[in-house]
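These notes are about the structure you will find just below.
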Amino acid sequence: MKNFVKSINELREIVKKAFLYRSEVLSNIIEALVVGPRIATPSELAASPMLGYQWSSLYSGIRAADETLSIRRLRDGRIVWLEKWQEQLGQKDESLGKWRPKILDATNYDRPKTRTVKIGYAHGADGMKPGHTLSMLSEPVAEGSWTLPLEIALVEVGQSATEFGVQQVAGFIKRHGWNPDDVLTVDCAYTNAPTLKPMKEAGANVLGRVSGSRVFYLPPPPYSGFGRPKVRGRKIKLSDARTLPPIDLFEKVVEADGSYYEISRWNDVRMKKWPPQPLVLYRVVEYKANGEQKYKRPLWLIYMAASEQMPIPTPSEGQAIYDGRFSIEHSIRFMKREIGLDAGQFNGADAELRCQLWVELVATAMWMLFALRGLAQSKDLQWPAWWRSRRLTPGAVRRLALALFVKLGIGPAQPQVHGKSPGRVLGTRFEPRKRFRIFRKRKRRPAA
């Protein structure tokens, strides 16, 4: 139990040292986000029993601390903390083998009413709506929805999420490095040649889904001695099983409920627009316990190694790595509904930077819940009767968070007395806020 308490105190200290201005207010905001209640706007945090400030201090704290250096220090400090405590607090999935997946995905940040912030159209579960797009690089640390956001960044208006995500991954690798057993898991939007090339140059192993309508090629045959050497071999259409070559490796994985997977692997396939790069192709077919195929179409995956010396996931490992990607969907839903990921509807000239700070505060609240998870599973504590399942989901830990803070002796912050403000200078006038139209990138019409 002492180690769990130490890990929580270390994370709280990292948060306080990260912010150059108003660290006491921002640290208190994070703890209030952990405890609740659910919020639609940041001002509703005033109802939290952990917040020791009024809502006006909450906004002034965010306004004073919206600068890039504090966000960078907070991200780097969290990663250092995770490297130290992950083995004790986390949970290893044995089906992954030695692989450590990281997940890249994008989500929407709706801004339905703003007119003073430059926004575009963001794609979400409810279709295209006005707002920002968030690019999120995360790492699963335990089963279920325990996927911690390493970085959350606002995508620049007019830039695609895939293009921004590539830059985000390259910057992350440059600052923190990339181990041979790290693998980036992505969706089909990131598995084309223009996106994979910069990731390979950065040194990332990538495993991602590809559409069932994609076309690949076999390696080029040996040079016949006449004409120009061929750059690719026979065509492989994923939608036509007759064009598939012989399987190089096959595995069958049986689950506890009787359902099973049949995973096939082809060790060397090529893209049309990037023929020199060898790729590994996986086909995953899922069956019910009665032998009936669960889905009409198989799941197709490709794996790109950062270099020829890098290992290749086995068929079962490839399926397990991508299957873990769905945890980010649950974690994003939890952060939006429970913690208020998109609740910060700020306006004005610095609104984008304040939104960036807000999502980092919400992300840190998720990290704080993970730190509290270790204390919640301690056998030295007695827990309420309603928690019968003892499943350490983020929602359950959040309901226990206030009791855990009380156990640790952590309460609402005591605001410091600063005296009365001198107010505005007599005659001060402010310029009206600049108005923006919603940006939408239109497709170019083909030349006549």
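Since every read-out is calculated from the coordinates, none of them should be taken as a lab result. All values derive from a computational prediction rather than experimental measurement. We place every Cβ from the backbone using ideal geometry, glycine too, and count neighbours over all the protein chains shown.
Answer rounded, prolate or oblate for segment 303-443, using the Cα gyration tensor with square roots of eigenvalues a ≥ b ≥ c: rounded when a/c is under 1.5, else prolate when a/b is larger than b/c, else oblate.
Oblate.
Please work out whether segment 1-158 counts as rounded, prolate or oblate from its C-alpha gyration tensor, where a ≥ b ≥ c are the square roots of the eigenvalues and a/c under 1.5 means rounded, while otherwise a/b larger than b/c means prolate and anything else oblate?
Oblate.
For a test of the definition: using alpha carbon positions, the gyration tensor, and the 1.5 limit on a/c, classify segment 4-56 as rounded, prolate or oblate.
Taking the square roots of the gyration eigenvalues as a ≥ b ≥ c, segment 4-56 is oblate.
Alpha carbon centre of segment 388-417 versus segment 274-327: separation in Å?
What the calculation gives is 40 Å, centre to centre.
Rounded to whole Hz and in sequence order, give me ³J(HN,Hα) for segment 323-337 from the Karplus expression 6.51 cos²θ - 1.76 cosθ + 1.60, θ = phi - 60°, writing x for Gly and Pro.
Result, rounded to whole Hz: 4, x, 5, 5, 5, 5, 5, 5, 5, 5, 4, 5, 5, 6, 7.
Treating the beta-carbon of each Lys and Arg as +1 and of each Asp and Glu as -1, no other charges, what is the dipole magnitude of the chain about its Cα centre, to the nearest 20 debye?
In debye, rounded to 20, the chain gives about 1800.
Does anyone have the angle between helix 68-89 and the longest principal axis of the chain? Alpha-carbon axes, 0 to 90°, nearest 10?
70 degrees
Under the Karplus relation 6.51 cos²θ - 1.76 cosθ + 1.60, θ = phi - 60°, what is the ordered set of whole-Hz ³J(HN,Hα) values for segment 315-322, x standing for Gly and Pro?
Values per residue, Gly and Pro as x: x, 5, 5, x, 5, 5, 5, 6 Hz.
What distance in nm separates the two pseudo spin-label positions at K92 and Y295, each 7 Å out from Cα along the beta-carbon direction?
Going by the 7 Å Cα→Cβ label model, 2.9 nm.
If R₀ is 45 angstrom, what is the calculated FRET efficiency for the pair K434 and K273, using the beta carbon separation as r and rounding to 0.05?
0.60
At q = 0.14 Å⁻¹, what is the base-10 log of I(q)/I(0) for segment 207-303 according to the Debye formula with one equal point scatterer per Cα and no solvent? Please give it to two decimals.
Each listed q maps to, in turn, -0.58.
Search the structure for amide H atoms under 5 Å from the amide H of V186, placed 1.01 Å from N in the peptide plane, and list their residues when 5 or more places away or on another chain.
L207, G208, R209
Which Cα, out of Q159, Y59, L89, lies furthest along the positive dipole direction of segment 16-175 (beta carbon charges, K/R +1, D/E -1)?
Highest projection toward the positive end goes to Y59.
Quick one: if you stick a label point 7 Å off each Cα along the C-beta vector at S239 and W383, how many nm between them?
Using points 7 Å along Cα→Cβ, the separation is 4.9 nm.
Which value, to two decimals, describes the C-alpha radius of gyration of segment 345-414 once divided by 2.2 N^0.38 Å?
Relative to the 2.2 N^0.38 Å estimate, segment 345-414 comes out at 1.44.
For L341, list long-range residues whose amide hydrogen, built 1.01 Å from N in the peptide plane, is under 5 Å from its own amide hydrogen.
K336
From the phi angles alone, apply the Karplus equation (6.51, -1.76, 1.60; θ = phi - 60°) to segment 29-39 and give each ³J(HN,Hα) in whole Hz, x where the residue is Gly or Pro.
Karplus values, whole Hz, x for Gly and Pro: 4, 4, 5, 5, 5, 5, 7, x, x, 4, 10.
For the pair V254 and Q309, how long in nm is the line joining their label points, each one 7 Å along Cα→Cβ?
4.0 nm
Counting only residues 5 or more places away or on other chains, whose amide H sits under 5 Å from the amide H of E139 once H atoms are built in the peptide plane?
I103, L148, L150
So, counting K/R as plus one and D/E as minus one, what does the shell of residues with Cβ under 13 Å around N179 add up to?
-1
Expressed as an acute angle from 0 to 90° and rounded to the nearest 10, what is the orientation of the C-alpha long axis of helix 161-176 relative to the principal long axis of the chain?
So the inclination is approximately 80 degrees.
Would you mind getting me the FRET efficiency between K84 and S23? Use the beta-carbon distance for r and R0 = 30 Å, nearest 0.05.
So, using R0 = 30 Å, E works out to roughly 0.90.
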